[in-house]
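Working notes, beginning with the structure itself.
The values are calculated or read from the model by the stated rules, or taken from the named source; none is laboratory data. Being a predicted model, the structure only gives us computed values, none of them experimental. Cβ atoms come from the backbone with ideal geometry, glycine included; neighbour counts cover every protein chain shown. We work out accessible area using only protein heavy atoms, side chains counted, and drop any ligands, DNA or RNA first. Shrake-Rupley method; radii C 1.70, N 1.55, O 1.52, S 1.80 Å.
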Amino acid sequence: MKQWGASLAVMSMALLAACGGAASDGGTTPGTTAQLSVAVVGGGSVISQPAGIDCGVHCSAAVTLGTDIQLMATPSTGHVFSSWSGACSGTTPACSVAMNAARNVTASFVPASGASGWSNETALSAAGAGDPKVVIDAAGRALAVWTQLDSATTTNTSLWGSRYVPGSGWSAPQVLESNAGSISNIDLGMDRNSGRAVVVWRQLGTTYDGWAKPFDPGAGWGAATALESGGGAVDTGSVAVDGAGNATVVWSQIGPNTRFSIYASRYSFGGNWTSPVLIETNEVSGSQDGLPKVAALPGGGAVVVWKRSNGSEASLWTNAYNGSSWGSAAEVVADAGATQYIGSHALRMDAAGNGMLVWGQLDTSNNALWYKRHVAGAWQGVAVQVAAPTPSVNQMSIPALAMNSAGTALTAWGIPDGTLFASTAAAGASFGTRASVRGASASLPTEVPVIGLDDQANAMAVWAESNGNLYLATRSAGNWGAPTLHENQADVAAQPALDMNELGNAVLAWRQFVSGAGTKIYVRHYSSGR
């Protein structure tokens with residue numbers, strides 16, 4: 001059974017020198033010029049005297065060695081200049097750079113007090129980057145992680161990351177692991193209140209292994225740790241972080257025999273990872289368990305849901321961690337036979353530990369989303385449709401799901417003609433009538449939208465389309481506005497990642513192809529003014 005959606009063709013990821021004729025030695029032509037590169041974070045622009053630098057995102061110029069370049073930072077409407085970093089420092093808008101070598105400068109702008117809006121788009125990574133993931137905490141601090149080619153002559157990728165702090169902007173990107181194999185299947189989880197986070201990934205060694213790395217706002221990134229060793233190949237993983245900074249990671253891995261099984265490991269904040277635990281015992285030949293999703297519960301618990309399939313039938317299974325041990329695996333959504341097929345699923349929990357499971361389901365030729373609630377530690381017995389099905393469509397939509405701390409839920413999905421729908425449900429209530437976020441058109445979404453939801457049920461949805469552009473739609477006062485173009489690049493945008501906190505602040509990252517350079521990670525952040 002096919003899942004709805006298509007992927008853009010893989011773009012060239014060659015690492016090339018930045019624009020401006022930089023030499024292969026990193027920007028300096030011996031005895032003549034040096035490269036001055038300026039990056040702009042937030043809403044503003046930078047110009048130079050003598051002329052040569054004039055940019056709102058990133059630009060560079062070859063400057064005669066020994067020249068002093070004067071830079072001037074000018075905020076855009078609703079923003080103020082925050083600070084310089086790199087070869088400049090301080091908080092005044094003017095800066096002088098002594099060009100006796102290649103120099104890099106970053107100018108950071110932030111929304112004015114009480115102002116709201118999106119920052120300018122910023123190239124965060126070097127070329128050869130993709131698969132971004134982002135999270136944002138209650139204070140508006142954010143993390144972004146992504147894969148990055150190690151060089152222009154290799155296909156090997158490493159894990160990179162950067163941190164955003166309001167008033168300071170994005171930190172210089174840093175590599176987060178030093179292993180030899182390529183990175184894939186990244187997931188990033190955070191506790192919003194503390195800002196503590198964990199990133200997990202799959203890395204090619206002798207086989208595919210599972211790795212994790214914690215983050216603390218005070219101490220920074222911790223050590224990269226192998227979650228398992230010597231077992232079969234790891235597939236996908238999922239991570240959730242609780243209010244104390246403890247984490248639960250679940251993943252699919254071949255073993256103990258020749259099938260994919262579900263394993264888990266726990267991390268104690270400031271401590272160690274536990275040995276892997278097998279949390280289901282299905283050893284039926286030809287049956288596979290995969291696509292695990294985990295959510296944290298108050299008090300140190302966690303709930304996980306995964307998909308079990310044998311190629312023609314599928315069901316959803318669950319297990320829970322009570323703070324000290326795992327329970328027994330149980331079926332939460334049964335397979336109904338040849339007339340039904342269960343697709344991908346999403347899982348979220350609110351601050352009280354009540355949550356929701358949403359999945360795509362095909363019944364004969366009707367494509368629909370269904371859901372079950374998790375209340376007081378147990379799953380409700382009856383599955384309910386999110387909205388009326390789409391008749392005679394034998395393709396499955398992948399659902400997107402967001403939930404705020406009070407339990408209001410938002411789900412979004414699409415159908416093959418390109419229409420994107422969304423529906424909301426208050427805590428304990430049914431989903432309302434589906435709303436069209438985007439109508440059918442010749443330019444189709446290339447993936448299901450990424451969504452965010454705040455404490456007032458305001459929402460965002462972001463997606464890429466086959467025309468190479470990135471679009472944003474927002475929900476305010478219960479209504480969705482018309483989609484708007486959300487990036488201003490000439491080449492193909494893809495792989496958006498979005499997160500939104502309770503106050504409506506958000507962070508967005510995506511993969512942007514840049515002609516003559518390759519693919520880079522671009523970012524924007526949103527200030528709600530609250």
(request) Could you tell me the distance between the Cα centroids of the range 314-383 and the range 245-265, to the nearest Å? (result) 18 Å
(message) Looking at the chain only, what percent of DSSP beta bridges run antiparallel? Nearest 5 please.
(response) 95 percent
(message) Taking the Cα centre as origin and putting +1 on Lys and Arg beta-carbons and -1 on Asp and Glu beta-carbons, what dipole magnitude results for the range 27-158, to the nearest 20 debye?
(response) 120 debye
(request) Find the Cα radius of gyration of the range 208-354, compare it with 2.2 N^0.38 Å by division, and give the number to two decimals. (result) 1.07
(message) Using a 1.4 angstrom probe on the protein heavy atoms only, could you order Met72, Met99 from most to least accessible area?
(response) Met72, Met99
(request) Have a look at Asn505, Gln489, Asn469 and report the one farthest towards the positive end of the charge dipole of the range 426-515, computed about the Cα centre with Cβ charges (Lys/Arg +1, Asp/Glu -1). (result) Asn469
(request) Select from the range 70-148 those chymotrypsin sites (Phe, Trp or Tyr not before Pro) which occupy a DSSP coil region and have at most 12 other Cβ atoms within 10 Å, ordered by residue number. (result) none
(message) Roughly how far apart, in whole Å, are the Cα centres of the range 77-92 and the range 462-479?
(response) 31 Å
(request) Nearest 5 is fine: what % of DSSP beta bridges in the range 429-521 come out antiparallel, could you say? (result) 100 percent
(request) Have a look at the DSSP beta bridges in the range 308-440 and tell me what percent are antiparallel, nearest 5. (result) 100 percent
(message) How long are the semi-axes of the equivalent ellipsoid of the range 141-234, taking √(5λ) for every eigenvalue λ of the Cα gyration tensor, in whole Å from largest down?
(response) 25, 17, 9
(message) Within the range 366-481, what whole-number % of the accessible surface is contributed by carbon and sulfur, with the 1.4 Å probe and all protein chains included in the calculation?
(response) 52 percent
(request) Project the alpha carbons of the range 236-319 onto their principal axes and report the range along each, largest first, in whole Å. (result) 42, 21, 17
(message) Could you compute the net charge surrounding Ser182? Neighbours are other residues with a C-beta less than 12 Å from the C-beta of Ser182; K and R count +1, D and E count -1.
(response) -3
(request) Net charge near Gln253: determine it from the other residues with C-beta under 13 Å of the C-beta of Gln253, scoring Lys and Arg +1 and Asp and Glu -1. (result) -3
(request) Would you tally the net charge around Trp221, using a Cβ to Cβ cut-off of less than 11 Å, leaving Trp221 out, and scoring K and R as +1, D and E as -1? (result) 0
(message) If you scale each eigenvalue of the Cα gyration tensor by 5 and take the root, what three semi-axes come out for the range 414-513, rounded to whole angstrom and sorted largest first?
(response) 24, 17, 10
(request) Sort the following peptides by mean Cβ neighbour count (other Cβ atoms within 10 Å, averaged over residues), highest first: 257-263, 185-191. (result) 185-191, 257-263
(request) Might you report the magnitude of the Cβ-based charge dipole of the chain about its Cα centre, with Lys and Arg at +1 and Asp and Glu at -1, to the nearest 20 debye? (result) 440 debye
(request) Please quote Rg/Rh for the range 380-466 to two decimal places, taking the Kirkwood radius as Rh and restricting both calculations to Cα atoms. (result) 0.97
(message) Distances longer than 22 Å among the Cα atoms of the range 340-496: what percent of all pairs is that?
(response) 41 percent
(request) Would you mind computing Rg(Cα) / (2.2 N^0.38 Å) for the chain, counting N as its residues? (result) 0.99
(message) Positive end of the dipole of the range 206-356, charges at C-beta (+1 Lys, Arg; -1 Asp, Glu), about the Cα centre: which of Trp221, Gly255, Gln340 has its Cα farthest in that direction?
(response) Trp221
(request) Take Ser178, Ser325 and sort them by solvent-accessible surface of the protein heavy atoms, 1.4 Å probe, largest at the top. (result) Ser178, Ser325
(message) Using a 1.4 Å probe on the protein heavy atoms only, what accessible surface does Asp363 show? Give it in Å² to the nearest 10.
(response) 40 Å²
(request) Give the distance, in whole Å, between the Cα centre of the range 489-530 and the Cα centre of the range 425-442. (result) 24 Å
(message) If amide hydrogens are placed 1.01 Å from N in the peptide plane, which non-local residues have theirs closer than 5 Å to the one on Trp221?
(response) Asp216
(request) With a 1.4 Å probe and every protein chain left in place, tell me how much accessible area His58 has, in Å² to the nearest 10. (result) 80 Å²
(request) Skip the ligands, DNA and RNA, and give the accessible area per residue of the chain with a 1.4 Å probe, whole Å². (result) 39 Å²
(message) Looking at the calculated P(r) for the range 64-133, what percent of the C-alpha pair distances fall above 15 Å?
(response) 63 percent
(message) Is there a quick way to get the dipole size of the range 143-217? I mean about its Cα centre, with the Cβ of Lys and Arg at +1 and of Asp and Glu at -1; what is the value in debye to the nearest 20?
(response) 160 debye
(request) Please quote Rg/Rh for the range 34-159 to two decimal places, taking the Kirkwood radius as Rh and restricting both calculations to Cα atoms. (result) 1.02
(request) Take the cross-link list Lys213/Lys293; Lys307/Lys520; Lys133/Lys372 and give me the ones stretching past 24 Å between alpha-carbons. (result) Lys307/Lys520; Lys133/Lys372
(message) If DNA, RNA and ligands are ignored and the probe is 1.4 Å, what is the ranking of Thr419, Thr424, Thr92 by accessible area, most exposed first?
(response) Thr92, Thr424, Thr419
(request) Evaluate the relative contact order of the range 356-453 (contact order divided by residue number), counting alpha-carbon pairs under 8 angstrom at least 6 apart; express in whole percent. (result) 22 percent
